[in-house]
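Below you'll find the structure, written out as structure tokens, and then a few comments.
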Amino acid sequence: MFKKVLIANRGEIACRVIRACRELGIKTVAIHSEVDRESMHVKLADQTVCVGQASASESYLNIPSIIAAAEIKGADAIHPGYGFLAENAYFAEVCEACGLKFIGPSKESIEQMGDKITAIELMKKSGIPVVPGSDGPVNADDPKIFAIAKKIGYPVIIKATAGGGGKGMRIVVSEETLQNAIITAQTEAKAAFGNSDVYMEKYIEEPHHIEFQVLGDKYGKIVYLPERDCSIQRRHQKLVEESPSPLINVALRKKIGKAARNAAVAVKYVTVGTIEFLVDKKGHFYFMEMNTRIQVEHPVTEMVTGIDLVKEQIKLAAGEKLSITSEKVKILGHVIECRINAEDPDRDFTPSPGKINKLFLPGGPGIRLDTHVYCGYTIPPFYDSLIAKVLAFGKDRDEAITKMQRALREVEIEGIKNTSSLLSKIMVNENFQKGSVSTDFLSKYIFGR
Ligand code: ADP
């Protein structure tokens, strides 16, 4: 097992990893930017290193500084968290070349799954259903795009091959707007990922976003865990997640779970990852992408199965054998997670950084809270806007909803705008309560557009 792990991240996920390391008896090194000196992860770690200025490119994405910090402090492994360098194949390669274990999959797995067009091709070869699409990049000045879109059938969606965080996507309902949509998606993709490649696929109407957590060891064993339903989204980004999904029955769980397992087998996956699918009302499912890292919503699965995924991830990276089997994993109840973001839901979710003047976060039976903020903390404008994840566990979905409603009523945050009142509205919405939670839920039932 590792002796000392450097966490190349910040925020709640850095705190989460530090806690897992501590329980495993591993020392921790936190890195931070100049504006993050007062951050919770810096307070929790055994050792700390300032790696650069506020902007992520100078600190949390600064590979030479991060590697130097690990060497100076004598770390033997690096945990990348999510975001920043977590899905950067070059970083994984540099870590390994410097004798530091990258707590994640191989550079090859990251590369194969990081480019969506490559991933879709690979999944097709492995017999996993994918969304009908352009089978490669598209360009606005190529006359063939109209025939491709017609064959797929409108509406279609233009997506960035290097995509993430819902960026670089455009829905197109008819051929008049196809060329413009490709151009704007390419511009957005170039700005966000430095890669302007986009592709086209069928826009699946009113789908559920269903994802399966997978775990793999270096001896080739791969298992899948029960699904998470992440259909409640804003701007194609998740806001509420739950497990099990109201849409999925035992047979469908097994069917999609096996496809998820095959997807991970195809890239010889090691450690923890997630296979994302779109599932329509009839139960047809389509591979969307794989995230080769721990995800924001991993605690949903932890609570519903009782498995500590971050500890498993660290143990698997250290070369331990996987002791879990999919058949033996039990669904212990129902779990809902709500993301409290420092954003203004009334102004299209614009970020709302600033000082938290008053803070009360919920607790009590069945509630888990993952956060890095405290009263008096100033949320810097440079990083993502997630400030807390509230999770509720119930014996069934109704009980989990009741507990979440109660928990959200306890939330008091002053000084910044945040999503907690919107989350409360979702929890009392009768369509949510009935389990009608497709990806257009917010626009249809909350914002009414
Ligand atoms: P990202 O990597 O940016 O998160 P994803 O491919 O995971 O992008 O898609 C994010 C969300 O966008 C999905 O959860 C879904 O709501 C929507 N989406 C993506 N592709 C499609 C599609 N073909 N049809 C309908 N919705 C889609």
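The values are calculated or read from the model by the stated rules, or taken from the named source; none is laboratory data. All figures in this text were calculated on a predicted structure; none of them were measured in a lab. Here the Cβ is made from the backbone with ideal geometry for all residues, glycine too, and neighbour counts use every protein chain on show. Quick note on the areas: whole protein, heavy atoms, side chains included, nothing else; ligands and nucleic acids left out. Shrake-Rupley method; radii C 1.70, N 1.55, O 1.52, S 1.80 Å.
Any residue at all in the stretch 359-377 that is on the phi < 0 side of the Ramachandran plot, modelled with pLDDT under 95, of a type in the set (A, V, I, L, M, F, W, C) and not in a strand (DSSP E or B)? Scanning the stretch 359-377, I find no residue that is on the phi < 0 side of the Ramachandran plot, modelled with pLDDT under 95, of a type in the set (A, V, I, L, M, F, W, C) and not in a strand (DSSP E or B), so the answer is no.
Only residues that are within 10 Å of the ligand (Cβ to nearest atom) and buried (at least 21 other Cβ atoms within 10 Å of the Cβ) were counted in the stretch 146-156, giving 1.
Please tell me if LEU178 is more than 14 Å from the ligand (Cβ to nearest atom), touching a strand residue (DSSP E or B) at 6+ places or on another chain (Cβ under 7 Å) and of a type in the set (A, V, I, L, M, F, W, C).
Details: more than 14 Å from the ligand (Cβ to nearest atom): yes; touching a strand residue (DSSP E or B) at 6+ places or on another chain (Cβ under 7 Å): yes; of a type in the set (A, V, I, L, M, F, W, C): yes.
Answer is yes for this residue.
Filtering the stretch 113-145 to residues that are surrounded by 20 or more Cβ atoms within 10 Å (Cβ to Cβ) and over 23 Å from VAL279 (Cα atoms) leaves VAL138, ILE145.
Please specify each residue of the stretch 348-358 satisfying the condition of being open to solvent by 40 Å² or more (accessible area, probe 1.4 Å) and at pLDDT 95 or above. Steps first, please.
Taking the stretch 348-358 and keeping what is open to solvent by 40 Å² or more (accessible area, probe 1.4 Å), we get 348, 350-351, 353, 355, 357-358.
Answer for the stretch 348-358, where residues must be open to solvent by 40 Å² or more (accessible area, probe 1.4 Å) and at pLDDT 95 or above: THR350, PRO351, PRO353, LYS355, ASN357, LYS358.
Residues of the stretch 210-238 that are more than 14 Å from the ligand (Cβ to nearest atom) and either modelled with pLDDT under 95 or part of a strand (DSSP E or B) (or both): GLN213, VAL214, LEU215, GLY216, ILE222, VAL223, TYR224.
Residues in the stretch 288-336 that are closer than 15 Å to GLY216 by Cβ, among the polar types (S, T, N, Q) and over 13 Å from the mean Cα position of the chain (by Cα): GLN313, SER323, THR325, SER326. ILE324 meets the conditions (1) part of a loop (DSSP other than H, G, I, E, B); (2) open to solvent by 40 Å² or more (accessible area, probe 1.4 Å) in every case but one. The failed one is (2).
Taken over the stretch 225-259, the residue count meeting the criterion of being open to solvent by 10 Å² or more (accessible area, probe 1.4 Å), among the hydrophobic types (A, V, I, L, M, F, W, C) and touching a helix residue (DSSP H, G or I) at 6+ places or on another chain (Cβ under 8 Å) is 1. Taking the stretch 416-443 as the range and being more than 22 Å from ARG347 (Cβ to Cβ) and modelled with pLDDT under 95 as the test, the residues that pass are SER436, VAL437.
Being among the basic types (Lys, Arg) and open to solvent by less than 20 Å² (accessible area, probe 1.4 Å) narrows it down to one of LYS417, LYS389, so name that one.
Matching residue, one of LYS417, LYS389: LYS389.
Cβ separations smaller than 9 Å between residues 6+ apart or across chains give no pair from the stretch 416-430 residues that are at positive phi and assigned by TED's automatic domain parsing to the domain that holds PHE360 to residues that are crowded, with 23+ Cβ neighbours inside 10 Å and basic (Lys, Arg). Of the conditions (1) outside the structural domain of PRO80 (by TED's automatic domain parsing); (2) under 24 Å from the mean Cα position of the chain (by Cα); (3) at pLDDT 95 or above, GLU93 clears all except one; give me its number. Condition (1) is where GLU93 drops out. Summed over the stretch 281-308, the residues that are open to solvent by less than 30 Å² (accessible area, probe 1.4 Å), farther than 17 Å from GLY166 by Cα, in a loop (DSSP other than H, G, I, E, B) and modelled with pLDDT of 95 or more give a count of 2. ALA92 meets the conditions (1) out of contact with any Asp or Glu (no Cβ under 7 Å at 6 or more places or on another chain); (2) closer than 25 Å to TYR269 by Cα; (3) among the small types (Gly, Ala, Ser); (4) assigned to a loop (DSSP other than H, G, I, E, B) in every case but one. The failed one is (4). Among the residues of the stretch 169-178, some residue qualifies, meaning at least one is outside the structural domain of ASN291 (by TED's automatic domain parsing), open to solvent by 60 Å² or more (accessible area, probe 1.4 Å) and under 29 Å from TYR82 (Cα atoms). Taking only the stretch 58-81 into account, find how many residues are closer than 26 Å to PHE193 by Cβ, assigned to a loop (DSSP other than H, G, I, E, B) and open to solvent by 10 Å² or more (accessible area, probe 1.4 Å). Residues that pass the stated criteria total 2. Residues considered: THR402, THR378. Of these, the only one that is open to solvent by 60 Å² or more (accessible area, probe 1.4 Å), over 20 Å from the mean Cα position of the chain (by Cα) and closer than 30 Å to TYR60 by Cβ is THR378.
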